[in-house]
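Have a look at the structure below before the remarks.
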Amino acid sequence: MAKFVMAGKTDCPYYAKAELLADKLQRSLPNFRIHKISILPDDWKNWLEDTCIRNGWKHDESPLVWRELVHQGGKGVFLGGFEDFLEHCQMYYNITSDMSEEMMQSIAKENLVTKVNLIMEEQHRASLIQPLHIWISSALNPTCNMLIPSLLSAEVVSQASAISLHLLHVEGNQEELQSLKMETEDLALPQLHQVTIHTDLKEAFQKAEIILLLDDHLCEVTDSKDVQEQKKMKAIADRCSFLLKACSIDCRHVVAVATQLENEARAAIASKLKVRTSEVTDVIVWGDVGDRFYIDLQRANVFNYNGPIKGPPFFSQPVLEIVYDREWLESDFQDIVRCQQAAVVSKTHHGTHMSTANGILTLLKAWNKTSVPSQVFSVGVLCTGHYDLPDDVVLSFPVTFTDGRWSVVSDVTVGDDLKQRLQLSASELRKKMLILESTSEGKT
C-alpha cells in the first residue's frame with residue numbers, strides 16, 4: 001500500500017492543486033492513501049525547518065511530500081515538492097492534473113478561510129471547557145510519577161470533568177520535565193485536558209485550585225544530611241511564602257500531609273495485633289510531621305481482632321483496651337514509626353514514594369467529599385488559636401472533613417504531657433526556621 005504525507009501552506013495554490021490530485025488518486029486507487037497537513041502561512045517556515053532538521057531533508061517550498069513505508073508515523077522517504085509529486089503520479093499511476101491557475105488560486109483562498117474557521121471553532125470549544133487546574137511543585141520527585149495516574153481520576157477529583165495539570169520544578173531539567181509531560185499524555189486519561197511544564201517560580205500557580213508541594217529531591221550527592229534538610233526546608237518555605245503572599249492563598253487552605261505517618265503507625269499496631277493495616281483506624285499524629293511528632297491512640301480502633309470478644313465485621317474495639325503494654329506504646333512503638341521510612345530507604349535505596357503518594361491521594365479524597373464525616377485525619381496546619389501554641393508554626397492536629405472543609409477535632413483529650421510535647425515541637429521548629437533565615441541572609 002502506498003501511504004503519502006503532504007504538507008503545505010494553507011494559502012499555497014500548488015498545495016491546493018497537489019492535494020486535489022491526491023484526493024483523486026485515493027478515490028480511484030484502493031491501495032493509495034494520503035494524509036494532509038495544512039499549516040497556516042505564518043507557521044509554515046518554522047514548521048518546515050523543524051521537520052527537515054528532524055528527518056535530515058533539504059526543502060524550502062510548499063508543498064512538502066514524503067512517502068511512508070509503514071503505518072503513518074513510521075520512517076518517511078522524502079519525495080520532494082509539487083513538481084516531484086506530479087512526476088511521481090504521472091510515472092506510477094499515469095494520472096496528472098490540468099487545473100488552471102485561476103482555479104488553484106481560488107481553492108487556496110478557500111483553504112485558508114476554512115483552516116482559520118476550524119481553528120476558531122476549536123478555540124471556541126476549548127473556551128467552553130472549564131478544567132480544574134492542578135499544580136505539582138518539585139514535579140521531578142519520583143513521588144509525582146506515582147501520583148499522576150490516580151490524581152487524574154474521578155475517584156480523587158469527582159467534581160472535575162477536565163483537568164489541566166501543571167508540572168513545576170524550579171530550575172529543573174527541561175528534558176526530564178518534557179519526558180514526564182509526554183508520559184502523562186501517553187496515559188490517554190479521559191479527564192486530562194492539557195499538561196504544561198514550568199521551571200520559573202514567577203510563573204507558578206496561575207489559576208491553581210489544587211497545589212501539591214512535594215519535597216525537592218535534587219540535592220547534591222556531596223551534601224551532608226543537614227545541608228540537604230536545609231535545602232528542602234528552604235525550597236518549601238519559599239514556595240509557601242510565594243503562595244501566601246503573591247497568590248493570596250488562604251492559610252486555611254494550606255495543610256501538611258501526615259497520612260503517611262498515620263498509615264505507618266497503623267501498620268505497626270496491625271503487626272502487633274495480627275490484623276490487616278486497614279483494620280486499624282483513627283490514629284492521630286501530633287506535632288512536627290517532619291521530625292518531632294507523637295502518635296496518639298486515644299481514638300484508635302481495631303476491627304476483626306482475634307480476642308475473647310468477637311462481633312460482626314462492623315464491630316470494633318479500642319486499641320488501648322487491647323494493647324496493655326503502655327511502655328511499648330510510649331517507647332518502642334513511637335520509635336518504630338519514627339524509623340519506618342529510614343528503614344524502607346535503607347532496604348530499597350530509594351524514597352518511600354508509593355506510600356507518600358498514597359497519603360496525598362487519601363487526603364485529597366477526603367477533602368473532595370469522599371470520606372465519612374466522622375473519619376479523623378491528621379494534617380499540619382497553622383497553630384492559630386490552638387492549645388496556646390505560637391501562631392506562626394505548622395503542627396499536625398486531628399481534623400475531620402465536611403463539605404470540602406476541615407475542622408480541628410474538639411473531643412480529644414490534650415493533657416499536660418501532650419501539651420508539653422506540642423510546645424517542644426513548636427520550639428524546635430521555630431529554631432530550625434531561624435537557622436534557615438540566618439543562613440539565607442548570610443548568603444545574600
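The values are calculated or read from the model by the stated rules, or taken from the named source; none is laboratory data. All values derive from a computational prediction rather than experimental measurement. Methodologically, a virtual Cβ is constructed for each residue, glycine included, from the backbone with ideal geometry; neighbour enumeration extends over all protein chains shown. These accessible areas exclude ligands, DNA and RNA; they are computed on the full protein's heavy atoms, side chains included. Shrake-Rupley method; radii C 1.70, N 1.55, O 1.52, S 1.80 Å.
Hey, rough spin-label estimate for GLU87 and ASN173, points 7 angstrom out along Cα→Cβ, what's it come to in nanometres?
About 4.6 nm separates the two model spin labels.
What is the sum of charges around VAL283, taking Lys and Arg as +1, Asp and Glu as -1, for the other residues whose C-beta is under 10 Å from the C-beta of VAL283?
Spelling it out: positives minus negatives among the neighbours equals -2.
Please give me, ordered by residue number, the chymotrypsin sites (Phe, Trp or Tyr not before Pro) of the range 339-402 that lie in loop per DSSP and have at most 15 other Cβ atoms within 10 Å.
TYR387
Given labels modelled 7 Å from the Cα in the Cβ direction, how far is it in nm from ILE309 to GLU110?
8.5 nm
For the range 262-376, compute the number of Lys pairs whose alpha carbons are separated by less than 26 Å, excluding pairs fewer than 8 positions apart on the same chain.
Qualifying lysine pairs in the range 262-376: 4.
Can you list residues whose amide H is under 5 Å from ALA256's amide H, if they're 5+ apart or on another chain and H is modeled 1.01 Å from N?
Distant-sequence amide H within range of ALA256: GLY380, VAL381.
In square angstrom, rounded to the nearest 10, how much accessible surface does SER153 have for a 1.4 Å probe?
30 Å²
Using a/c under 1.5 as the rounded threshold, could you call the range 256-382 rounded, prolate or oblate? The axes a ≥ b ≥ c are square roots of the C-alpha gyration tensor eigenvalues, and prolate needs a/b larger than b/c, oblate otherwise.
Judged from the Cα gyration tensor, the range 256-382 comes out oblate (a/c at least 1.5, b/c at or above a/b).
Which of the three applies to the range 380-428, rounded, prolate or oblate, going by the alpha-carbon gyration tensor with a ≥ b ≥ c and a/c under 1.5 meaning rounded?
In terms of gyration-tensor shape, oblate.
Using each residue's phi in the range 151-168, evaluate 6.51 cos²θ - 1.76 cosθ + 1.60 at θ = phi - 60° and report the 3J(HN,Hα) Karplus result to the nearest Hz, with x for Gly and Pro.
4, 8, 10, 5, 5, 8, 10, 5, 7, 9, 8, 8, 10, 9, 9, 10, 9, 10
Express in whole angstrom the spacing between the alpha-carbon centres of the range 254-324 and the range 354-390.
16 Å
Over 23 Å between Cα atoms, which of LYS17/LYS109; LYS207/LYS432; LYS202/LYS432 qualify?
Distance filter (> 23 Å) returns LYS207/LYS432; LYS202/LYS432.
For the chain, take the longest principal axis of its alpha carbons; what is the angle in degrees between that and the long axis of helix 353-367, to the nearest 10 within 0 to 90?
80 degrees
Here are labelled values, [x] 24.7; [y] 26.7; [z] 22.8, and one is the computed Kirkwood radius over Cα pairs in Å for what I pasted. Which one?
Comparing each candidate, only [y] matches the computed number.
Averaging sequence separations of C-alpha pairs under 8 Å and six or more residues apart, then dividing by the length of the range 1-145, give the relative contact order as a whole percent.
About 29 percent, as a whole number.
So in the chain, what percent of DSSP beta bridges are antiparallel if you round to the nearest 5?
For the chain, the DSSP antiparallel bridge percentage is about 55.
Can you grab the distance from the C-alpha centre of the range 101-141 to the C-alpha centre of the range 416-437, Å, no decimals?
If you average the Cα positions of each part, the centres end up 54 Å apart.
With an 8 Å cut-off on Cα pairs and a minimum separation of 6 or more residues, tell me the relative contact order of the range 298-380 in percent.
Worked out over the range 298-380, it gives 15 percent.
Quick one: Karplus J couplings for the range 276-282, per residue in order, coefficients 6.51, -1.76, 1.60, θ = phi - 60°, nearest Hz, x for Gly and Pro?
7, 4, 5, 8, 10, 10, 6
Karplus couplings for the range 410-419 from phi (6.51 cos²θ - 1.76 cosθ + 1.60, θ = phi - 60°), rounded to Hz, Gly and Pro as x?
Coupling constants for the range 410-419: 9, 8, 10, 8, 10, x, 4, 5, 5, 4 Hz.
Which residues' amide hydrogens lie under 5 Å from the amide hydrogen of ILE197, considering only partners 5 or more residues apart or on another chain, with H built in the peptide plane?
Answer set, sorted by chain and number: LEU167.
Magnitude of the Cβ-charge dipole of the chain, K/R +1 and D/E -1, about the Cα centre, nearest 20 debye?
Charge dipole, the chain, about its Cα centre: 860 debye, nearest 20.
Quick one: if the Förster radius is 30 Å, what FRET efficiency do GLN341 and GLU203 give, using the C-beta to C-beta distance and rounding to 0.05?
So, using R0 = 30 Å, E works out to roughly 0.35.
Give the calculated FRET efficiency between THR413 and LEU128 to the nearest 0.05, with a Förster radius of 45 Å applied to their Cβ-Cβ distance.
With a Förster radius of 45 Å, E is 0.30.
Taking H placed 1.01 Å from N in the peptide plane, check which residues at least 5 places from ILE163 or on another chain put their amide H under 5 Å from its amide H.
Residues meeting the amide H criterion: LEU132, LEU192, HIS193, GLN194.
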